[in-house]
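In what follows, a single structure is set out as C-alpha cells and then discussed.
The values are calculated or read from the model by the stated rules, or taken from the named source; none is laboratory data. Please read these numbers as outputs of a predicted model, since none were measured by experiment. Cβ sites come from the backbone with ideal geometry, for glycine too, and all protein chains shown count toward neighbours. Just so you know, the surface numbers come from the protein's heavy atoms only, side chains and all, with ligands and any DNA or RNA stripped out. Shrake-Rupley method; radii C 1.70, N 1.55, O 1.52, S 1.80 Å.
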2 protein chains.
Amino acid sequence: MKELRVNAARIESRIRELGEIGRNAQGGMDRTTFTPAELEAREWLKARLRELALDVRVDEAANIWARREAAARGRPVEGELPVIAFGSHLDSVPNGGRYDGALGVLLALEVMQVLRENGVETRHPFELVSFSAEEPNPFGLSTFGSRTVSGKLGRRDLEGVRDAHGTLLVDALRAAGGDPDRFEEARRRPEELAAFLEVHIEQGLRLLERGIPVGVVSAITGIYRESVTVVGEANHAGTTLMGNRKDALMAASEMMLAFEAACREHPSEETVGTIGTIENRPNAANIIPGEVRFHLELRGKTREEIGEALDAWAARAEAIAARRGVRLERKLLLDQHPVRMDPLVADVCAAEAAKLGYETLALGSMAGHDAAHMASLTRSGMLFVPSLGGKSHCPEEESRIEDIEKTANVLLQSLLALDDQLNR
Amino acid sequence: MKELRVNAARIESRIRELGEIGRNAQGGMDRTTFTPAELEAREWLKARLRELALDVRVDEAANIWARREAAARGRPVEGELPVIAFGSHLDSVPNGGRYDGALGVLLALEVMQVLRENGVETRHPFELVSFSAEEPNPFGLSTFGSRTVSGKLGRRDLEGVRDAHGTLLVDALRAAGGDPDRFEEARRRPEELAAFLEVHIEQGLRLLERGIPVGVVSAITGIYRESVTVVGEANHAGTTLMGNRKDALMAASEMMLAFEAACREHPSEETVGTIGTIENRPNAANIIPGEVRFHLELRGKTREEIGEALDAWAARAEAIAARRGVRLERKLLLDQHPVRMDPLVADVCAAEAAKLGYETLALGSMAGHDAAHMASLTRSGMLFVPSLGGKSHCPEEESRIEDIEKTANVLLQSLLALDDQLNR
C-alpha cells in the first residue's frame, strides 16, 4: 500500500477559507456558539463533508457527525466493530483566533478526504465529529456537545437557560439543528465507540520552546475554582486616616499576590493559578473599598498538586486577613478532576510519529477539551500543534503549516493504526 | 446683655424630625440631590424658616437662602454692611447618615431662632444658606450650589447633563425651584458678603480620640486624582505557565500596595491615599487579566505633601512595571488645591470657644466642603463636631448632643463676634 500523506496546501487554504467566517475588523474570530457566523461555519463544514459522500447527521445537541462505513480490509471480524471518532469544535471565544477548535475539525476533514481519495478501507466505521459550544459562551455551558454525548448534560440542564439578550438556549439549539425535546438521544453508549482522537493547538509555549512539532497529551488538567470574598469596612476616603482603615481592596491585593507566589513556588510548572475576575464595592473614587470578591482558579495535572498550591495560599491569606482585621469568605465553584488520556492511544500516536521521523513531547493539557468528556465514554487521546508565541483566544493565535502538516499525518496514521490494533 | 445659648433639646428633636425624611429600611438616609425625599426636606426647612419670619428665597441653583435684616445695634455704620452667611447642605449620599450636611443647616436654623427669641439686633444682615447638591450625585456635579454661588459653575455646565435614568439636570433643577435659564444670577459678588461659617461633622476620629468637643478647621484638604491603567497581556489561564505571564491584575495589586505604603510612610497623618475603584479586563475566570484601570486619590493639607506621597509611589510603580513587563499609563483627573480657612474667622471661633470654656483643636478637613468654594468669595471658616467611631456616609453616622450643643454655642457666639468685629 502506498504511503498516505495529507495535502498541506489544501489544509492551508481551508484554514484561510473557514477563517473568513466570523472574522471581525481587528482580524479576530467572532464565532461564538449559535451566532449567525457560527451557523454559517456549520453549513460550510456540512457542504465539505457531503462532497466527500459522507453520511452527515446533526444530533439533538447540534453536534455534526459525518460517518464513513467500515469495509473488511482483509482481516475477518466478528460482527460490526464500534466507531473510531475524531474531531474538535467550530465555535470560538469572542475575538478569538482561527485555530482553536477549527484546526481539529479541518484535520479530521483532511483525513476523511485522504481516505476517500486513496480508497482506503477500514475495519471500524470512522466518524468525524464537530462538537457544539465547546468554548465558554453566552449560555454559560461550555463543552456542551461533548458533555451531552457523554451523558453529563440532560434535558433539565437546558430549562430556562437564556443568554444576556433573553434568547432561550432551546431556541438557539433548534436554530442550529438540535432537538431539545429529544435531547438525551444525542448520548452515545460506550459500546458504540472504539476510540476518540482530537487534534488541538497547544495554546502554550512548551512545544515551541523545545522545537518539537507534535505533542501527545498525557492528561487533561483539573480545574479548581473558588469565589473569595474579603469583607473590610467602607469608609470616607478623606477623613479615615491610614491607620484606621480596613481596606478590602488592599487586603485582597495582598492575598492575590500571595496566591501568585504560591503558584510560582510550586515545583510543577503544570500547576498554574489565575485570578481572572475581581469585583469591588462600592467602587467609588472617594470611598474606601468595603468588600472585594475575586475568582481564584488553579489547574494541575493531579488533585494533589492542586491541593498543595491551594493550601499554601490559604494559610497566607488567613494570616493577611487576621493582620488587617478583615473577614475572608471562601466558596467552592468548580472542582473538575484531572483526566488521564488513554495510554494505548498515546503510545500509538507516539509510535506513528516516530515512524514518520517526528519528535514528540508527552505533555499535560492545561486547558479543558471535549476529549476530557469523551474519555469517560471511550479510549481517548489528543495531539497538540505548537502555538506561535503561545498565544490563544486572541486574533494573533497562529500555528505554522509545517507543524500542522506533521501533526495531521500523525493523526492519519494513528487512526489507521488504531483501526488495525483495536479488536472492538 | 443676657447670655445667649442654643436650645439642645430643640436641636435634638429636629435632628430626629429631619432624619425621618428619606430614612430607609436599614435606618440609613436616602436623600440624594433632587430626589422626592430631598425635595421634601427642602419644604420642611422652608416652613421652619418662614415660622421665624425670615425672608426665604430659592436662588437659580436651588440654594435656599433665609435673610434676617441688620439693625443699628449701637454703633453707627457707613451705608449697608455685607452679609454674614452660614449653613451647609441637606442632601445625603445614598444610604448615608442624618448628620452630614443636615447638622450644619439645623444649627444655622437654631442660631436664627435664638436671635429672634432674644430680639438680638446685628450690624450685618445674617443669611442662612442650604446649598444644593453638595454630595456626589447622579448628575456628577458635587458642591453644585456653592460652586455656582462662587462663579465656578455656569449655564454651559448644565447642558445635556443627565442622570442614569436619562433625567435632565435642568429639569431636576427646575423641580427643586431653580432656574436654569437665569442660572448665573445665583452667583454672588464678593462685596455682598462679609463672612461665611459652616458647621459640619468631622467624619474622622481626631476630635473623638482626643476628647475635644469642637474642631476649628485650618484648611480644607486638596484632592488629587488620577486614573492609572496597567496594560499587560490577556492570555489563556491554563496554558500560559506562571513564568510566561504579563498579568495586569498582579502588577496592579503590587502597585496598589506600594501606594498604600507610600501614604503610610508619609510623615503627615493628614496625607491619605485611597484606591476606590478598579476595573479589570476581560474579567473572565479563565483569562489572565490583560488590562486593569484604577483611580488613585491623594489628599493632603498642602500641595507639597500630596506631591511627596505621589512621587514616592510613582517611582515604585515604574519599577514594578519594568520588572513585570507591563505598561503603565497615568492620566490626571482632578487636582483640587488645598484651601486655607480665613485666619481671622478661625481665631474668632477659637477665642469664643475659650470664653465658653471649651477646648478646641485646630485641624485640617480631610473632606471637601461648600466652605472651600465660599472661601474664594469671602472670609470663610468651619467648625467640626466629633463623629462617633469616625463613621460617616453610612447609617451609623452619629454625633453626641453634648458636643453638638457646644459647637452650636460656638457658632452663635462667633457669628455675633464677627458681626461686632467686621467693619465691612
### Query
Shortest first and in nm to one decimal, what separations exist between B:K152 and its copies in the other chains, measuring from label points 7 Å along the Cα-to-beta-carbon line?
5.8
### 10 Å Cβ neighbours from other chains, averaged over peptide B:390-400
3
### At 7 Å out from Cα toward Cβ: B:E117 inter-copy label distances (nm, ascending)
10.3
### Query
Between rounded, prolate and oblate, where does segment A:171-231 land on the alpha carbon gyration tensor, with a ≥ b ≥ c its root eigenvalues, rounded for a/c under 1.5, else prolate if a/b exceeds b/c?
oblate
### Query
Normalised by the number of residues in chain B, what is the relative contact order in percent for Cα pairs under 8 Å and 6+ residues apart?
22 percent
### Query
So if we plug the beta-carbon distance of B:A319 and A:E265 into 1/(1 + (r/R0)^6) with R0 = 25 Å, what FRET efficiency do we get, rounded to 0.05?
0.65
#### Entry: When each of B:K46/B:K331; A:K355/A:K391; B:K301/B:K331; B:K152/B:K246 is checked by Cα-Cα distance, pairs over 32 Å
B:K46/B:K331; B:K152/B:K246
### Query
Can you pull the accessible area of B:K355 for me, 1.4 Å probe, Å² to the nearest 10?
150 Å²
#### Entry: Percent of beta bridges antiparallel (DSSP, the protein assembly as shown, rounded to nearest 5)
70 percent
### Query
Which cross-chain or sequence-distant (5 or more) residues have an amide H under 5 Å from the amide H of A:K246, H modelled 1.01 Å from N in plane?
A:E233
### Summary
DSSP beta bridges in chain A: the antiparallel percent, rounded to 5, is 70 percent
### Query
Check B:N137: other-chain or 5+ apart residues with amide H under 5 Å from its amide H, H built from backbone geometry?
B:S142
### Message
Placing the label point 7 Å from Cα along the Cα-to-Cβ direction, what are the distances from B:E304 to the equivalent spots in the other copies, shortest first, in nm to one decimal?
### Response
6.3
### Query
Going by the alpha-carbon gyration tensor, a ≥ b ≥ c the square roots of its eigenvalues, is segment B:107-233 rounded (a/c under 1.5) or, if a/c is not under 1.5, prolate (a/b greater than b/c) versus oblate?
oblate
### Query
Roughly how crowded by other chains is peptide B:228-236, in terms of the mean Cβ count from those chains within 10 Å of each of its Cβ atoms?
4
### Task
Could you tell me the distance between the Cα centroids of segment A:84-156 and segment A:195-227, to the nearest Å?
17 Å
#### Entry: Inter-site label distance for B:A53 and A:E69 at 7 Å from Cα along Cβ, in nm
11.1 nm
### Query
So if R0 is 35 Å, what FRET efficiency would B:D347 and B:E17 give, r being the distance between their Cβ atoms, rounded to the nearest 0.05?
0.50
### Message
Below 18 Å, Cα to Cα, which aspartates and glutamates can A:K406 reach? Residues fewer than 8 away in the same chain don't count.
### Response
A:E3, A:E12, A:D100, A:E110, A:E198, A:E202, A:E209, A:D347, A:E352, A:E359, A:E398
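If the chain between A:N7 and A:D179 were fully stretched, how many nm would it gain, using 0.36 nm times the residue separation less the Cα-Cα distance?
Numbers: separation 172, 0.36 × 172 = 61.92 nm, distance 3.61 nm.
Here the answer is 58.3 nm.
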### Query
Taking a probe of 1.4 angstrom, what is the accessible area of A:K391 in Å², to the nearest 10?
60 Å²
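Ignoring everything except DSSP H segments at least 4 long, calculate the 222 nm mean residue ellipticity for chain B; use -39,500 (n - 2.57) per segment, divide by total residues, nearest 500. Present the calculation step by step, with values, prior to reporting the outcome.
Working: 11 runs with 141 residues, N = 424.
Result for chain B, helices only: -10500 deg cm²/dmol.
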### Query
For the protein assembly as shown, what % of the accessible area comes from carbon and sulfur atoms, probe 1.4 Å?
46 percent
### Query
With labels modelled as points extended 7 Å from the Cα through the Cβ direction, what inter-label distance (nm, one decimal) is found for A:R210 paired with B:A354?
8.2 nm
### Task
For B:V231, B:V292, write out the residues from largest to smallest accessible area, computed with a 1.4 angstrom probe and no ligands counted.
B:V231, B:V292
### Task
With springs connecting C-alpha atoms under 10 Å apart, model chain B as a Gaussian network and identify which of B:A71, B:A322, B:A219 has the largest mean-square fluctuation.
B:A322
#### Entry: Whole-number D in µm²/s for segment B:315-424 (Stokes-Einstein; Kirkwood sum over Cα pairs; 4 °C, 1.567 mPa s)
75 µm²/s
### Task
Let me know the shape class of segment B:130-197, please: from the alpha-carbon gyration tensor, a ≥ b ≥ c as square roots of the eigenvalues, rounded when a/c is under 1.5, otherwise prolate if a/b is greater than b/c, or oblate.
prolate
### Message
Just to confirm, what accessible area per residue do you get for segment A:222-336 at 1.4 Å probe, in whole Å²?
### Response
37 Å²
### Query
Which ³J(HN,Hα) values in Hz, rounded to whole numbers, follow from the phi angles of segment B:204-215 under the Karplus curve 6.51 cos²θ - 1.76 cosθ + 1.60, where θ = phi - 60° and Gly and Pro get x?
x, 10, 5, 5, 4, 5, 9, x, 10, x, 9, x
### Compactness of chain A, expressed as Rg and Dmax over alpha-carbon positions, Å
23.7, 87
### Task
State to the nearest 20 debye the size of the charge dipole of segment B:222-336 about its Cα centre, where the only charges are +1 on K and R beta carbons and -1 on D and E beta carbons.
440 debye
### Message
Probe radius 1.4 Å, ligands and nucleic acids left out: which of A:E260, B:E329 has the largest accessible area, and how do the rest follow?
### Response
B:E329, A:E260
### Task
Report the charge-dipole magnitude of chain A in Debye, nearest 20, computed about the Cα centre from +1 at each Lys and Arg Cβ and -1 at each Asp and Glu Cβ.
300 debye
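Could you report the buried accessible area between A and B, both sides summed, computed with a 1.4 Å probe and given in Å² to the nearest 100? List each step's numbers first, then the result.
Values: alone 18260 and 18280 Å², together 31830 Å².
About 4700 Å² of accessible surface is lost on pairing.
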## Note on the structure
With all protein chains in place and a 1.4 Å probe, A:T122 shows an accessible area in Å² (nearest 10) of 0 Å²
### Query
Sequence-distant or interchain residues sharing an amide H contact under 5 Å with B:D55, placed H: which?
B:R67
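What average count of beta carbons from other chains do you get within 10 Å of the Cβ of residues in A:240-252? Don't skip to the end; give the middle numbers.
Numbers: counts 9, 12, 11, 4, 8, 5, 0, 5, 0, 10, 8, 1, 3.
For peptide A:240-252, the averaged partner shielding equals 6.
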